[in-house]
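These notes concern the structure reproduced below.
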Amino acid sequence: MGKMQFDPDIAGNGCAPASPNAPALDVADLVKRYPTGTEALKSVSLAIQPGEFFGLLGPNGAGKSTLIHCATGLAQPTSGSIEVFGHDAIDHYGHARLAVGLAPQDLNLDWFLTLEETLDFHGGYFGMRKRDRRERTKELLDAFSLTEKREERTRTLSGGMKRRLILARALMHRPRLLILDEPTAGVDVELRLELWQYVQRINEEGTTILLTTHYLEEAEQLCDRIAFINDGEIVARGTPDELASEYDVGSLEDAYLKLVGRSELSRAKVEAVLP
Ligand code: ADP
């Protein structure tokens, strides 16, 4: 904590938009049906504007990961369209891919690589030149307080360091859209606050953020706008305040509980019945 040394250029600026006013992410009528028959996304439409901090919230199995996988080329949608800064992310993924950084939920690091190699290989995969990779690696290791560990293998890192490295790796190629899939699932309070500081800073420096989270308090604090997804459909969207007033409740959490049909779990009601 308190060790942030962000270079002004930590935020993304890679890959020019196809058109100046294009949304950072524009999803239209997206359907994803898995071979098992599960319809994980049922005609989802969603637009995220450049510079926004956008939260996608929903219970387990709602379709959040499927949406992220479709937007990052990891899953092929059944129908519909996805554009990233105006670039088609389905049929011409090359440009879109450069604009997106993904910090996945699972710690999918190669445990036999060093931290430096992890970032360098990722940069190589995204076509960065050697010198640029070297400089960017140094800059990110510094920014995430990982410089001392640079020659160690990733498997030797603590949980918090692994999370920070995943974030650094997602930022390596300077994506303009950073997708964070449950970045704070299972992390302790201190690390959660630290990660919040990092992503807020990255957003302030211009990177658009799409965050999925289970923590409503996290979404309320960080996000400009939020969409609730339930059973493959976007069931509500707006600023945290708009959502609370639309559902005639005092907090985002209560709006969420109302939407998923679990209003009896509202803190106010639970506290009222506790001895
Ligand atoms: P979330 O990320 O919101 O928890 P997911 O996108 O992982 O939700 O899942 C949405 C639905 O799609 C769930 O019913 C899940 O079981 C199903 N699903 C996810 N991945 C696959 C897959 N590879 N094959 C078949 N069904 C899947």
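The values are calculated or read from the model by the stated rules, or taken from the named source; none is laboratory data. Quick caveat: nothing in here was measured; it's all calculated off a predicted structure. Ideal geometry is used to build each Cβ from the backbone, glycine not excepted, and the neighbour counts take in all protein chains shown. Remember, those area values only see protein heavy atoms, side chains included, never the ligands or the DNA or RNA. Shrake-Rupley method; radii C 1.70, N 1.55, O 1.52, S 1.80 Å.
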(message) Explain nothing, just compute: Karplus ³J(HN,Hα) = 6.51 cos²θ - 1.76 cosθ + 1.60, θ = phi - 60°, for every residue of region 200-205 in order, whole Hz, x for Gly and Pro.
(response) 5, 5, 4, 5, 4, 7
(message) Quick check for me: using +1 on Lys/Arg Cβ and -1 on Asp/Glu Cβ, what's the dipole size of the chain about its Cα centre, in debye to the nearest 20?
(response) 920
(request) Would you mind telling me the share, in percent, of accessible area of region 38-197 contributed by carbon and sulfur at probe 1.4 angstrom? (result) 48
(request) Would you work out which of L252, L222, T66 lies farthest towards the positive end of the dipole of the chain? Charges go on Cβ: Lys and Arg +1, Asp and Glu -1. (result) T66
(message) With a 1.4 Å probe and all protein chains left in place, how much accessible area per residue does region 25-238 have, in Å²?
(response) 43
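For S43, S251, give the ranking by accessible area with the largest first, probe 1.4 Å. Walk me through the numbers on the way to the answer.
Details: S43 65, S251 30 Å².
These residues rank, largest area first, as S43, S251.
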(request) May I ask you to compute the full-extension gain from T36 to H214, defined as 0.36 nm times their residue separation minus their alpha-carbon distance, rounded to one decimal in nm? (result) 61.5 nm
(message) Report the Cα centroid-to-centroid distance between region 159-195 and region 38-103 in angstrom, as an integer.
(response) 19
(message) For a quick check, take a GNM of the chain with Cα springs below 10 Å and name the residue from G206, G250, G160 with the largest mean-square fluctuation.
(response) G250
(message) From the phi angles alone, apply the Karplus equation (6.51, -1.76, 1.60; θ = phi - 60°) to region 114-124 and give each ³J(HN,Hα) in whole Hz, x where the residue is Gly or Pro.
(response) 7, 5, 4, 5, 4, 6, 4, 5, 4, x, x
(request) Below 25 Å Cα-Cα, how many Lys pairs turn up in the chain? Only count pairs eight or more apart in sequence, or on different chains, if you could. (result) 16
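Compute the relative contact order of region 25-238 as a whole-number percentage, counting only Cα pairs closer than 8 Å that sit 6 or more residues apart in sequence.
Computed value for region 25-238: 31 percent relative contact order.
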(request) List the residues whose amide H sits under 5 Å from the amide H of G80, counting only those 5 or more places along or on another chain, with H placed 1.01 Å from N in the peptide plane. (result) V31
(request) Please list, in chain and number order, the residues 5+ apart from I234 or on another chain whose amide H is under 5 Å from its amide H, with Hs placed from the backbone. (result) S45
(request) Identify which of E139, E242, E218 has the largest mean-square fluctuation in a Gaussian network model of the chain, with springs joining Cα atoms closer than 10 Å. (result) E242
(request) Multiply the residue separation of E135 and E205 by 0.36 nm, subtract the distance between their alpha-carbon atoms, and state the gained length in nm to one decimal. (result) 23.3 nm
(message) Could you identify which residue out of K32, K64, K258 has the top mean-square fluctuation in a GNM of the chain using Cα springs shorter than 10 Å?
(response) K258
